Structures are given as C-alpha cells and as structure tokens.
Amino acid sequence: MKTWLRGFWAIFEKDIKLELRARYAINMLLLFALGALVVMAFAVGPTPLSARVQAALLWTVLLFAAAVGLGRAFISEEERGTILLLQLNLRPGAVYAGKLLVNFVLLLALNIVAVGAFAVLLRVQVAWPGLLALTLLLGSVGLAGATTLLSALIARAAGGRGALLPVLLFPVLVPLLLSAVEATRSALLVAEGWATAADELLTLTGFGGAVITAAVLLFDYIWLD
Amino acid sequence: MAETGQILNLRRYRQLRNAVVVWLTLVVLGAFLLRIPRIHILEHTARNLYFHVPMWFTLMAAALVSAYHSLRYLQSGDPIRDLRAREAARVGIFFGLLGLATGIVWARFTWYLGTSLWWNFDPKQSFVVIQLLIYGAYFVLRSAVEDPEKRGRVAAVYNLFAVVTMPFLLYVLPRQMESLHPGAEGSPAFSDITHPIMRLVFYPAVIGFIGLFWVLYTQRVRLALLEQRVEMLQATMLEAKS
C-alpha cells in the first residue's frame with residue numbers, strides 16, 4: 001500500500017512539474033475552451049438563451065475541450081520512451097491513479113476559467129452557485145476517469161491518433177452529459193435548485209465511481225504487454 | 001486450438017440452420033396471415049410488433065455475446081474469442097439498424113401522426129442509437145490498430161468499458177425523455193394490451209430472430225477462421241518459394 005501511494009504521488013508530482021515547466025496541456029485546454037466559447041457566443045449574438053440551452057452549450061464545450069486537451073497524458077510517455085520504466089517500477093493501478101489526478105486537476109482549472117467566461121459572454125445568472133460547483137466537480141470525476149483510460153488505450157495501441165479519442169469518448173459519456181446538463185440547468189434557475197437536482201447528482205456520483213472502478217480493472221490489460 | 005474442431009461441426013450447424021429457416025418461415029406466415037384485432041390508427045401496422053421488437057431482443061443478445069467473448073479474450077488471449085466478439089458486434093449492428101429503421105418509420109405514421117416528426121427523443125430509440133455509435137467506435141478502433149494481439153486486447157477493453165456505462169444510460173434516459181413505448185410510465189405494460197393471438201406469434205418471432213442471429217454469427221466466425229487459415233497458408237507458400 002505504501003509503495004502504491006508513493007508511486008501514485010510520484011507520477012502526479014512529475015506530471016504536474018512537467019506541466020508547470022512547459023504549460024502545453026493546460027494552455028491548449030484553456031485556449032480551446034475559450035476559443036470555442038467565443039465562437040459560440042458570437043454565433044448566438046445578443047439573443048437571450050434558455051437555461052437548458054446555456055447548460056447544453058457549457059457542457060458541450062467542456063466535453064470537446066477534454067477530448068482534445070487530455071489525450072496527451074500517455075502519448076508523452078510513449079514519445080519520451082519512459083513507458084518501460086513506469087511498467088517496471090510501478091503497479092498499473094498507481095500509474096492510472098496518478099494520471100487520473102493530473103487530468104482531474106487540469107479539468108478543475110478548465111472548469112473555473114470556462115464557467116467564468118461562459119457567465120460573462122452568454123450573460124448567465126447562476127441562482128445556486130454551490131450546486132453548480134458540485135455538478136462540475138462530480139462531472140469532472142467521471143470525465144477524467146473515462147478520458148484517462150481511453151487516452152491510455154489509444155496511446156498504447158494506435159500510436160496516439162488524435163481524432164480517435166472523441167470518437168471513443170462521446171458515446172460512452174452520454175449518461176454523464178445528460179445528467180450534468182440537467183443538474184446545471186437546475187443550478188441556473190431560481191425556481192429549482194438542490195431538491196430537483198438530487199437524482200442527477202446521485203447519477204453523476206455513481207457514474208464516476210463505476211467508470212473509475214471499471215477503468216482500474218481494465219487498465220492492467222492495456223498497460224502491460 | 002481445441003475449439004476449432006467444435007466450430008467446424010458442420011452437421012450440427014446445418015441441423016440448427018434448417019430448424020431456424022423452417023421456424024422463421026412459419027413465424028413470417030403467421031405474422032402476415034393470422035387475424036389481429038383492428039385498432040384505430042394502428043390497423044395492420046400492429047404487425048410491425050413481430051419484426052421490430054424481436055430486433056431489440058436480438059441486439060441485446062448480440063451485445064451480451066460480444067461482451068462475454070471480450071471478457072474471455074482478456075482472460076485467455078485466445079484469438080477465437082476476439083473473432084467471436086467482433087462478429088457478434090457486427091451482426092448486432094445489422095439487427096440494430098433494422099430495428100431502428102422499422103421503429104422510426106412505424107412511429108412516424110402512428111405515434112407522431114399529424115406532427116410530421118421523425119424523431120422525438122424516445123428513450124429506447126436514443127439508447128439504440130448510442131449502442132450503435134459505440135459499436136461504430138469499436139470498429140474504428142479496431143481498424144486503427146495493426147498488431148492483431150494488441151487489437152484484440154484494446155477492442156475488448158473498450159467493449160467492456162462501454163458495457164459498464166450502459167446501465168446508467170438505461171436509468172438516465174427515461175428520466176429526461178417521455179416514452180410512448182409500452183411498459184413506460186403512463187402506458188400499460190406490453191403483456192396487458194396485447195391480444196393472445198399476437199403473443200402466439202410474437203414470442204416465437206423473438207426466438208426465431210435470435211436463432212437467425214446465431215446462424216449468421218457462427219457463419220461469419222467460420223468464414224473469418226477460414227480467411228485466417230488461407231492467409232497463413234499463402235504466407236507459408238510464399239516462404240517456401242523464396
């Protein structure tokens with residue numbers, strides 16, 4: 001257990017350090033999301049949107065940004081040739097957990113920036129900020145869990161073909177998208193709130209847990225040759 | 001491979017195939033010839049029940065078979081498991097598309113009569129579309145990997161990962177979309193509204209179409225095995241020449 005934790009933390013620390021040095025993934029993620037939001041805001045113009053449409057736009061941008069920006073976690077290891085070292089020294093579960101936490105932290109940064117820009121550009125009124133924050137948090141868990149496994153799968157097998165990740169990711173994430181949009185909609189409307197979103201939050205929690213459990217079990221098969 | 005001999009048991013295959021052919025012929029005859037109660041708007045289109053609904057059962061059966069063989073592939077690494085998972089998914093797509101087509105056309109002229117809607121986000125339709133998208137992604141993934149052993153492993157992992165998310169979809173979709181399908185909230189369950197005559201044809205139809213799936217699926221598995229063997233023979237012949 002101790003070695004597992006140490007390995008997990010070492011992966012996390014190393015990736016965050018590398019990220020802070022180059023700032024490639026985070027910059028790409030943020031700029032992609034900002035660019036997409038600006039495009040969407042300009043396309044919509046000053047027309048007022050319903051809460052449902054606003055929630056749908058926000059989550060579409062988050063999903064696309066994650067699919068484009070989070071695919072690098074394992075490809076960089078392949079490129080640097082460090083994958084063998086990790087295979088020899090660490091348990092697969094520790095590698096997965098470390099990368100998962102890195103992706104989760106990146107997604108949290110993305111959420112903060114994207115929601116801020118979204119509120120300004122699309123003139124969103126958030127009635128229940130706590131509910132919105134919890135929805136984003138729980139949604140990010142599931143999103144990070146699925147993206148980490150599938151990006152490992154693509155990096156290990158298909159040599160990191162870029163467009164493959166969205167193709168694999170989107171159908172799997174439909175349940176997450178639907179409940180997250182519904183919960184976000186409740187967070188935007190004064191008349192709704194925690195009581196109406198309870199089931200969606202529960203679904204998001206369950207989805208995150210199931211995805212991560214399945215990913216930990218399946219990760220062994222794609223990590224080890 | 002111990003299993004190859006069993007797969008090539010042609011006698012058993014032929015017997016089962018003939019049984020399925022006879023059975024399905026009887027089902028189709030029954031489906032078109034037996035009298036059914038005439039209900040306003042539905043009229044004779046109610047016979048679609050015999051074809052549309054069994055497609056779903058067959059798609060689910062195919063998905064189960066495919067996931068089971070993916071799991072076994074990860075455990076054993078036997079190439080035949082990968083072939084079986086692939087072919088079950090492929091035949092499953094075929095039945096899924098047929099079910100979707102029969103459902104959309106039928107719903108347009110019964111449920112959505114007068115609204116000119118082709119698509120109204122029915123949970124069951126949406127579920128099938130996502131299932132088909134997943135299988136589409138599964139085949140795209142397969143075509144992206146060259147090494148057969150790696151391809152099998154990666155595809156099996158994706159297949160199983162998708163299966164894990166399915167129950168959530170089944171739970172989430174009906175909460176957000178209204179359904180006119182029998183058994184959903186507000187409409188009686190299938191067995192309450194169905195005339196006994198229709199049940200007499202419907203249940204055999206389900207068995208018949210699952211049997212048809214089995215025939216097509218085993219046929220494709222054997223074809224894939226033979227193709228593999230031909231490739232191997234050609235490779236050895238080329239080597240012997242040079």
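Values in this text are rule-based calculations from the coordinates and carry no lab data. Since the structure is predicted, the reported quantities are computational estimates derived from the model, not experimental observations. So basically every Cβ, Gly included, is an ideal-geometry build from the backbone, and we count neighbours across all protein chains shown.
What pairs can you find where one residue is in region B:121-141 and more than 8 Å from every other protein chain (Cβ to nearest Cβ) and in contact (Cβ under 8 Å) with a residue 12 or more places away in the chain, the other is of a type in the set (Val, Ile, Thr) and part of a helix (DSSP H, G or I), and their Cβ atoms are less than 6 Å apart, with a gap of 6+ or different chains?
Going by the 6 Å Cβ cut-off, the qualifying pairs are B:Tyr135/B:Ile93.
Has region B:68-77 got any residue that is more than 16 Å from the chain's Cα centre (by Cα), over 25 Å from B:Val201 (Cβ atoms) and in a loop (DSSP other than H, G, I, E, B)?
There is at least one residue in region B:68-77 that is more than 16 Å from the chain's Cα centre (by Cα), over 25 Å from B:Val201 (Cβ atoms) and in a loop (DSSP other than H, G, I, E, B).
May I ask you to list the residues in region B:142-161 that are facing chain A (nearest Cβ under 7 Å) and among the hydrophobic types (A, V, I, L, M, F, W, C)?
B:Ala144, B:Val145, B:Val154, B:Val157, B:Leu160, B:Phe161
Among all residue pairs at least 6 apart or on different chains, which show Cβ distances below 9 Å where the first residue, located in region A:102-114, is more than 10 Å from A:Leu70 (Cα to Cα) and the second is charged (D, E, K, R)?
That search, which allows pairs on different chains as well, returns A:Val105/A:Glu19.
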